[in-house]
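Enquirer: Questions regarding the structure given below will be posed in turn.
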Amino acid sequence: MKKIRCAIYTRKSSEEGLDQEFNSLHAQREACAAYIASQKHEGWVALPEHYDDGGISGGTLERAGLKKLLQHVDEGLVDQIVVYKIDRLTRSLADFAKLVDHLDAADASFVSVTQSFNTATIMGRLTLNVLLSFAQFEREVTAERIRDKIAASKKKGLWMGGTIPLGYEPDGRTLKIVPEEAETVRTLYDLYLQHRSLVAVMYHAKRLGLRGKAKVGKLEKSNGQPVALLADAAMSASAPRAAGFSIERATLHYLLTNPVYAGRIRHKDAIHEGQHPAIVELDLWEQVQAHLKEAGARKRGKGRGRRATISLLAGKLVDETGDKLTPTHTNKNGTRHRYYISSRLIGGAGNEENQKKSGGWRLPAKALEDQIGRAIICHVRDRLPVNLLINPTTDAISKIGSQLDLLGAQSGTKDASAILSCIEQATIRPGAIEISLSPEALADAMAISEDELNPDSRTFELPFQFRKRGVETKLVIGAETSQSIDATLIRSIAKAHRYYDAIKSGETFEEIAESEGLSKRRIMQVIDLAFLAPEIVKQIVQGDQPAGLTAKWLGINPLPSDWQAQRHIIAAL
């Protein structure tokens, strides 16, 4: 007689009661084992391996116990699957069809100990399909009933579970305030109203050491049993409640848009009055929503379906005529290039007053923002030990130095909003840029009181160079005006003087070219550099020459021998 190896599969949808000494899974296994024993005369033998799934719905096949069972079926270790009821195996008709095909391919079958029928006959398969249809119907009705219950409960303002928001902890079917966390929430709302920038709020939250709520959750299941892990070691019983995760952009946006903090409960698109206390006033919450909506609409308008880049100096730049510099951009080969441009250059040609104003600025935005940000940090750092503070102390200088290090790290990335938010106004004119800092913003960035700042240190002037050569531009502000010395050009000038001295001593161009291993034309081209004006040579040696003045450019554009003419040509570079 052929031995039929029987595997017992058990499942329970909820975790309730699984920790009991004798639970539903045990009861199912005993019933299945008894049925297998009753079929001993047919050669049925129960396998010792346990295939259990506790706390998992029958609406999915993603179950550890079931996967293990099907693997053993594929390996030829199981001939018959025994279940208490068919819905223990699956509640889905589509999933059941997959399982039947899987078992047929492995020459295996299954049996339900409480629902006797023969799947080898047409009537047996019909009965099975009917039973599964009712099982799926029961599951969907149960799910719909639960959804309706949640909707009705939220309409009454009850808390129905989910991620616990920062500032609260569960209290039955409502929430109660955690005072220290609630203070963090209020601070974040106040920071957003002050700066109206998620990036700026994140910076100040990091500076103030504000933290989110550490989460506790299920990480994985081991042998079908849930393993609860602490999401952060700081959430242990002895750790302070303030420990948690740093506040990221997505977390901050969710926090600022969550109506829970205004004492309300959201269900899908509807918002209901909650039974829990509010952390922020309703008016404050609505103000934040209005600003967030306005900022989102502005970014969508600028980006035209793509992510827009915020112009961090918008509204803060003016030129020497008092004209504001307006953010604008162009798109070339799919790349966005941002600029700050004098307003009179944007559609102002027909305005008589604009026509009286000469010139105008068109400055690359990224280079301008980065260099001004670094210039502010250098200015504050240079003034720190001297006259940034009215009464400088060692502790204050140390604290500001730490803040400058943090700001310096940020100004080297795309996030320069924190340092540029300190600017009240920047006035650009040929050769210089004057920057005026906001005392309130500067004190906030330095984490000190506004009264500690010396008013004389708020305004300063920096050298400013902006040169164009063809399509290339070079923008240099402050200490960065000292460019690297062009060693190639200096060597070429030295060679030119050596060739000129050789000519004066009686050598010919042909003889010099032969000794140098160069062409006569190249010798004549280089020797022209011996006739550069002395002040131009001095600029080159010191690295102060215009960005366009290179050995290559001089080789293509020979200068006249008249020094005055040379000065005019080079000044235009």
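The values are calculated or read from the model by the stated rules, or taken from the named source; none is laboratory data. All values derive from a computational prediction rather than experimental measurement. Positions of Cβ are generated from backbone atoms using ideal geometry, with glycine treated the same way; all protein chains shown enter the neighbour counts.
Enquirer: Would you be able to say whether some residue in region 391-404 is assigned by TED's automatic domain parsing to the domain that holds Lys324 and modelled with pLDDT under 65? Write out each step before concluding.
Expert: Filtering region 391-404 down to residues assigned by TED's automatic domain parsing to the domain that holds Lys324 leaves 391-404.
In the following step, the residues that additionally are modelled with pLDDT under 65 were identified as none.
So far as region 391-404 goes, no, none of its residues is assigned by TED's automatic domain parsing to the domain that holds Lys324 and modelled with pLDDT under 65.
Enquirer: Another question, then. Within the bounds of region 139-158, is there any residue that is modelled with pLDDT under 80 and within 30 Å of Ile36 (Cα to Cα)?
Expert: yes
Enquirer: For region 58-74, which residues satisfy the criterion of being of a type in the set (Val, Ile, Thr) and part of a helix (DSSP H, G or I)?
Expert: As a first pass, look at region 58-74 and keep what is of a type in the set (Val, Ile, Thr): 60, 73.
Selection gives Val73 alone.
Enquirer: What number of residues within region 246-289 are touching a residue at least 40 places away in the same chain (Cβ under 8 Å) and assigned to a helix (DSSP H, G or I)?
Expert: Residues meeting the conditions: 11.
Enquirer: I've got another one for you. Report yes if some residue within region 504-515 is part of a helix (DSSP H, G or I), among the hydrophobic types (A, V, I, L, M, F, W, C), surrounded by 15 or more Cβ atoms within 10 Å (Cβ to Cβ) and touching a residue at least 24 places away in the same chain (Cβ under 8 Å); otherwise report no.
Expert: no
Enquirer: Do you know which residues across region 425-460 are over 35 Å from the mean Cα position of the chain (by Cα) and more than 27 Å from Thr394 (Cβ to Cβ)?
Expert: Arg429, Pro430, Gly431, Ala432
Enquirer: Oh, and also: If only one of Leu407, Leu368, Leu363 is farther than 20 Å from Gly315 by Cβ and either surrounded by 13 or more Cβ atoms within 10 Å (Cβ to Cβ) or modelled with pLDDT of 70 or more (or both), which one is it? Talk me through it step by step, then tell me what you get.
Expert: Numbers: Leu368 fails: farther than 20 Å from Gly315 by Cβ; Leu363 fails: farther than 20 Å from Gly315 by Cβ.
One residue alone meets the criteria, Leu407.
Enquirer: Out of the residues in region 61-107 that are modelled with pLDDT under 90, of a type outside the set (S, T, N, Q) and closer than 21 Å to Ala31 by Cα, which is farthest from the chain's Cα centre (by Cα)?
Expert: Lys85
Enquirer: Six or more apart or on different chains, Cβ under 6 Å: which pairs go from a residue in region 529-540 that's part of a loop (DSSP other than H, G, I, E, B) to one that's among the aromatic types (Phe, Trp, Tyr)? Could you list them?
Expert: Ala533/Trp563
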